[in-house]
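> Let me begin by handing over the structure; questions about it come next.
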Amino acid sequence: MNQKEILRYSRQILLPELQLEGQQKLKAGSVLVIGAGGLGSPALYYLAAAGIGRIGIVDFDTVDESNLQRQILYSSSDVGELKTDRAASRLTNLNPFAKIERHQCILNSQNAMSILSNYDVVIDGSDNLPTRYLVNDACVLLKKTLIYGAIFQFEGQVSVFNELLKDGTRGPNYRDLFPEPPPPEMVPSCSVGGVLGVLPGIIGSMQANETIKVLAGLGKTLSGRLLLFDSLDFTIHFVNIKCNPDNPVSGQYPTINSLIDYEEFCNPAHQKKAALIKEIEPTEVKKMLDEGIKIQIIDVRESLEFDLVNISGLNIPLKNIEVNLSSISRDRPVVVHCKTGGRSALAIEKLQSHGFSNLLNMKGGILRWIDQVNPELRKY
């Protein structure tokens, strides 16, 4: 470690619990951050600033204007750019001594093992169940420590999974807390349920804090404990987690020895129902409208989203769909859509249970409509 580095990290090195030896451990350490979004932004910032020697970023997305309320790595001029590119540039500018590695891809069961194997610690900043189970299982199989975080509206969670303990065993993992995934509709993303902008900053910073402790061997981590944070009343609660001997990936008789199809695992019932849902491209919807074919368009986004941008039609939020059956036609094609196609598929499932057989799910939602039909609506 050269003199410039020692000066840069001097306030940390002054800590009796860290000192130069601990700082050198951070420099020698490597961290992979899954997702450069709400949680990844603050975690990446603080990890780079703290002097982690090598930091990997996994993300496939571009910067959207709706990200800027909470994803502090980016600015207005970054809209439309790859998150991995902008994040790497910003972090290198923050700390040129940190080596930033970009993985511009969707993490899946084919590439997860090879990507995760090159890092000491993994931070999960994802926002969907298949990725959470995928990352957990890969970390258990690879014997990697996983720093878990999740956010929704005003609440957040943090824990440390699969940490190597002093007795040589591994601490609890995500499957000890959630052995089986809940129905997808019970775990809406921030794009559906919303999130207070400062919350991912708090939770992501906690994830960075736990990562630094793991790498430097400091204090007591959240291994075996789930931290629950409520930003509305500013309360913190802890839930104790114990290793489950029946855990399918780390129990006494594990049944999972390699990565599986996590989309199917997390949503088997929905996958079967989805096969019964007829889909239609936005361009086909536009053609039907241009040809004067009588159709009904149902937008199942929230009213605030509808007011922001819409393609006309009737606005019935997903949560109200079953109390508005009389407003939905049964004698002509009904095109149901949302932002990306997920909520509209759930709406169609509910409506089909009430005997509707004339429903079409607009693929890709209004975002694909903007791409294929009307780019002038791109403000959404």
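> Please check the chain for the longest run free of GluC sites (Glu not before Pro) that are loop-located per DSSP (anything but H, G, I, E, B) and have at most 11 other Cβ atoms within 10 Å. Please list the in-between numbers first.
Values: sites that count: GLU17, GLU291.
Between the exposed loop sites, the longest stretch runs 18-290.
> For the chain, take the longest principal axis of its alpha carbons; what is the angle in degrees between that and the long axis of helix 40-50, to the nearest 10 within 0 to 90?
Helix 40-50 sits roughly 20 degrees off the main axis of the chain.
> Which three numbers, in whole Å and largest first, are the semi-axes of the equivalent ellipsoid of the range 215-342 derived from its Cα gyration tensor as √(5λ)?
On the way: eigenvalues 404, 104, 40 Å².
For the range 215-342, the ellipsoid semi-axes come out as 45, 23, 14 Å.
> At q = 0.17, 0.19 Å⁻¹, what is the base-10 log of I(q)/I(0) for the range 35-141 according to the Debye formula with one equal point scatterer per Cα and no solvent? Please give it to two decimals.
Per q value, in the given order, log10 I(q)/I(0) is -0.77, -0.96.
> Please find the FRET efficiency linking GLU155 to ALA28, where r is the Cβ-Cβ separation and R0 is fixed at 35 Å, and quote it to the nearest 0.05.
Details: r = 35 Å, r/R0 = 1.01.
The formula returns an efficiency of 0.50 here.
> For the chain, what is the mean residue ellipticity at 222 nm derived from helices alone (per DSSP H run of n ≥ 4: -39500 (n - 2.57); sum divided by total residues; nearest 500 deg cm²/dmol)?
-9500 deg cm²/dmol
> For a quick check: sort THR131, THR169 by the number of other beta carbons within 10 angstrom, fewest at the front. Provide the component values of the computation, followed by the final result.
Values: THR131 22, THR169 9.
Lowest to highest Cβ neighbour count: THR169, THR131.
> When the chain is modelled as a GNM with alpha-carbon springs shorter than 10 Å, which of GLY292, GLY204, GLY35 fluctuates the most?
Comparing GLY292, GLY204, GLY35 in a Gaussian network model of the chain, the most mobile one is GLY292.
> Oh, and also: Relative to the longest principal Cα axis of the chain, at what angle does helix 129-142 sit, 0 to 90 degrees, rounded to 10?
Rounded to the nearest ten degrees, it is 30.
> Hey, how many Å between the Cα centroid of the range 301-323 and the Cα centroid of the range 50-128?
Between the Cα centres of the range 301-323 and the range 50-128 lies a distance of 33 Å.
> Now, a different point. Using only C-alpha positions, report the orientation-averaged shadow area of the convex hull of the range 3-268, nm², one decimal. Please list the in-between numbers first.
Details: hull surface 56.7 nm².
Averaging across all directions leaves 14.2 nm² for the Cα convex hull.
> From zero up to wherever the largest Cα-Cα distance of the range 276-377 sits, split into 5 Å bins and tell me the percent of pairs in each.
2, 14, 27, 27, 19, 8, 2, 0
> Can you give the angle from 0 to 90° between the axis of helix 342-352 and the longest principal axis of the chain, with both taken from C-alpha atoms, to the nearest 10?
Value to nearest ten degrees: 40.
> Projecting each Cα onto the charge dipole of the chain (Lys/Arg +1, Asp/Glu -1 at the beta carbon, about the Cα centre), which of ILE277, THR340, ILE57 comes out farthest on the positive side?
Going by the charge dipole, the pick is ILE57.
> Just the Kirkwood number for the range 1-89, please: inverse of mean 1/r across all distinct Cα pairs, in Å, one decimal. Mind showing how you got there, number by number?
Numbers: mean 1/r = 0.0708 Å⁻¹.
Evaluated over the range 1-89, this radius sits at 14.1 Å.
Where a number appears in this text, it was derived from the coordinates with a stated rule and is not lab data. Since the structure is predicted, the reported quantities are computational estimates derived from the model, not experimental observations. Note that each Cβ is placed from the backbone with ideal geometry, even for glycine, and that neighbours are counted across all protein chains shown.
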